[in-house]
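Student: Once you've had a glance at the structure underneath, I'll fire off some questions.
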Amino acid sequence: MSAFDAAVGRDGPNHVERAQGSPDIQHSAKHAAYALASKRIIAGYGFWIFLLSDIVMFSAFFATYAVLVDATAGGPSGQGLFDLGNVGIETACLLLSSFTCGLAGIGARTRNGFWFYGAMAATFMLGAAFLSIEIREFMGMIALGAGPTRSAFLSAFFTLVGCHGLHVAIGLLWLLTMMAQVFAKGYRADILRRLLCFSLFWHALDIIWVGLFTMVYLMGVTQ
């Protein structure tokens, strides 16, 4: 019996006859089905608004960085600061985490705990590795006197890259929360919808990072 069947009162082979035989049950079933569908639609719509607003925010940060990239105020530029070796490792970790996140989604849909928990743990470790490399990069730049207050270029850089790193950190906390919910409540329909929202969020971070890697690091080194 599915969650929808339970919500609308389909608890046996004779549910059609019972619903047809009683107008009250028929009305209750329709009301329950409408409420369930409305909640699902509202949650999905709200998440997409959140995701699109996030993309708009990052678009503004990208535009700001493009305007201020040459405003170094006599300080260091990206060519002297960026290490493509470390950034390449970061990129590999984040893109690979997107693959393992997809495997976790498959494991959840098939109710396979080994694949779900294993893939989610791998996603967490890869995301944490990405975040640790980024924090080390920030600390190294600040130690060289290239902090966010040194120039407009560095202010835009720390804001753009740091905001993405903050989203990754939030995503890691969300990931742990989803693992705990599946462990406590199982693969319920509402839990699977939340897992889908998490996957969309995580993949969106990968897409933003590809643009960030290209515009900030690759173009910064070649300038």
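Rundown of residues vs (1) open to solvent by less than 30 Å² (accessible area, probe 1.4 Å); (2) in the same structural domain as residue 65 (by TED's automatic domain parsing); (3) small (Gly, Ala, Ser), yes/no style:
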| position | (1), (2), (3) |
| --- | --- |
| 143 | no, yes, yes |
| 147 | yes, yes, yes |
| 155 | no, yes, yes |
| 165 | yes, yes, yes |
| 172 | yes, yes, no |
| 197 | no, yes, no |
| 209 | yes, yes, no |
| 214 | no, yes, no |
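Student: OK, next. Look through 138, 130 and report the one residue that is in contact with an Asp or Glu (Cβ under 7 Å, 6 or more places away or on another chain), in the same structural domain as residue 187 (by TED's automatic domain parsing) and under 19 Å from residue 216 (Cα atoms).
Tutor: Going through 138, 130 in turn, the sole match is 130.
Student: Could you give me the residue pairs with C-beta distances under 7 Å whose first residue belongs to the range 175-204 and is over 19 Å from residue 51 (Cβ atoms), whose second residue is exposed (fewer than 15 other Cβ atoms within 10 Å of the Cβ) wherever it lies, and which are 6+ apart or on separate chains?
Tutor: From the range 175-204, the pairs are 187/111; 188/3; 189/3; 191/185.
Student: Mind checking which residues of the range 73-96 are part of a loop (DSSP other than H, G, I, E, B) and either outside the structural domain of residue 152 (by TED's automatic domain parsing) or open to solvent by less than 30 Å² (accessible area, probe 1.4 Å) (or both)?
Tutor: Hits for the range 73-96 are 75, 82.
Student: Is it fair to say residue 160 is within 23 Å of residue 219 (Cβ to Cβ), under 18 Å from the mean Cα position of the chain (by Cα) and not polar (S, T, N, Q)?
Tutor: It is true that residue 160 is within 23 Å of residue 219 (Cβ to Cβ), under 18 Å from the mean Cα position of the chain (by Cα) and not polar (S, T, N, Q).
Student: Okay, moving on. Just the residues that are open to solvent by 70 Å² or more (accessible area, probe 1.4 Å) and not β-branched (Val, Ile, Thr), please, taken from the range 48-72.
Tutor: Across the range 48-72, the qualifying residues are 48, 50, 52, 70.
Student: Quick one: which of 71, 32, 63 is at pLDDT below 80 and among the aliphatic types (A, V, I, L, M)?
Tutor: 32
Student: On the basis of being open to solvent by 20 Å² or more (accessible area, probe 1.4 Å), free of Cβ contacts under 8 Å to residues at least 40 places away in the same chain and in a helix (DSSP H, G or I), does residue 126 make the cut?
Tutor: yes
The values are calculated or read from the model by the stated rules, or taken from the named source; none is laboratory data. Please read all numbers here as calculations on a predicted model, not as lab measurements. In this analysis, Cβ positions are derived from the backbone assuming ideal geometry, glycine residues included, and neighbour counts consider all displayed protein chains. What goes into the accessible areas is simple: the full protein's heavy atoms, side chains included, and nothing from ligands, DNA or RNA. Shrake-Rupley method; radii C 1.70, N 1.55, O 1.52, S 1.80 Å.
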